[in-house]
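Here's the structure we're looking at; comments come further down.
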Amino acid sequence: MSSNNNTSITLAILQLQSAFRYPSLILGFTLLIGGVLGNILNILVFMKVGNYKNNACSLYMFVRAFIDLYILLAGLATRMLATGFQMDFTLMNRIWCKTRVGFLDINSQSTFTLICLQAIDAFMCSSPSVAVRQKSNIQIAG
């Protein structure tokens with residue numbers, strides 16, 4: 001009796017996995033395309049305007065666009081290939097298997113750090129104190 005129950009539970013789990021595979025692929029492709037286009041547009045705008053050379057907030061956003069692009073391409077794209085198309089590069093390449101998660105974690109933490117630095121710099125730029133405003137410059141950021 002218990003083996004029949006285990007079989008039905010296993011079947012239900014497999015059905016749920018296959019039911020959620022396609023919506024997650026559609027959402028993943030949407031996030032991937034939107035994120036890659038958005039980050040590339042951010043990079044192009046910052047390079048065209050060149051404001052990142054004079055403003056620390058712009059520098060943080062410019063660097064974050066590159067890191068976010070890497071996270072999307074190395075993290076989301078490879079995970080979508082593994083779950084949707086059974087092309088798991090972590091099974092094919094041992095070095096990639098060991099370094100992928102570490103690189104993605106470091107880059108994710110770097111993104112959050114840059115967001116915090118950008119908020120601190122925005123606070124410093126808008127401070128009523130002249131001494132605090134003078135501490136916000138590109139030499140300290142770079």
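When the dipole is taken about the Cα centre of the chain, and only Lys, Arg (+1) and Asp, Glu (-1) are charged at their Cβ, what size is it in debye, to the nearest 20? List each step's numbers first, then the result.
Details: 10 positive and 4 negative charges, 50 e Å.
Once rounded to the nearest 20, the dipole reads 240 debye.
Rounded to the nearest 500, what is the chain's calculated 222 nm mean residue ellipticity when only DSSP H runs of at least 4 contribute -39500 (n - 2.57) each, over all residues?
On the way: 7 runs with 117 residues, N = 142.
The per-residue figure over the chain is -27500 deg cm²/dmol.
Taking the chain as a Gaussian network, where each spring joins two C-alpha atoms under 10 Å apart, which residue of Leu117, Leu91, Leu32 fluctuates the most?
Highest fluctuation among the options: Leu91.
Taking θ as phi - 60°, what are the ³J(HN,Hα) couplings along segment 40-51 by the Karplus curve (6.51, -1.76, 1.60), each to the nearest whole Hz, with x for Gly and Pro?
The phi angles translate into 5, 5, 4, 4, 5, 5, 5, 6, 5, 6, x, 5 Hz.
Straight-line reach from Lys98: which aspartates and glutamates fall under 16 Å, measuring Cα to Cα and dropping same-chain residues less than 8 apart?
Asp88
Over the chain, what is the relative contact order in percent, taking alpha-carbon pairs closer than 8 angstrom and at least six residues apart?
Values: 96 pairs, mean separation 36.2, N = 142.
Answer for the chain is 25 percent.
Between Ile71, Ile13, Ile106, which gets the highest mean-square fluctuation from a Gaussian network model of the chain, Cα cutoff 10 Å?
With Cα springs under 10 Å in the chain, the top fluctuation among Ile71, Ile13, Ile106 is at Ile13.
For the chain, modelled as a GNM with alpha-carbon contacts under 10 angstrom, which of Ser58, Ser127, Ser24 fluctuates the most?
Comparing Ser58, Ser127, Ser24 in the GNM, the peak value goes to Ser127.
Between [x] 41; [y] 37; [z] 53, which matches percent of Cα pairs over 24 Å apart calculated for the structure shown?
Label [z] holds the value from this structure.
A short reminder: the numbers here are calculations on the coordinates, not readings from a lab. Worth saying up front: this structure is predicted, and the values here are computed from it rather than measured. Positions of Cβ are generated from backbone atoms using ideal geometry, with glycine treated the same way; all protein chains shown enter the neighbour counts.
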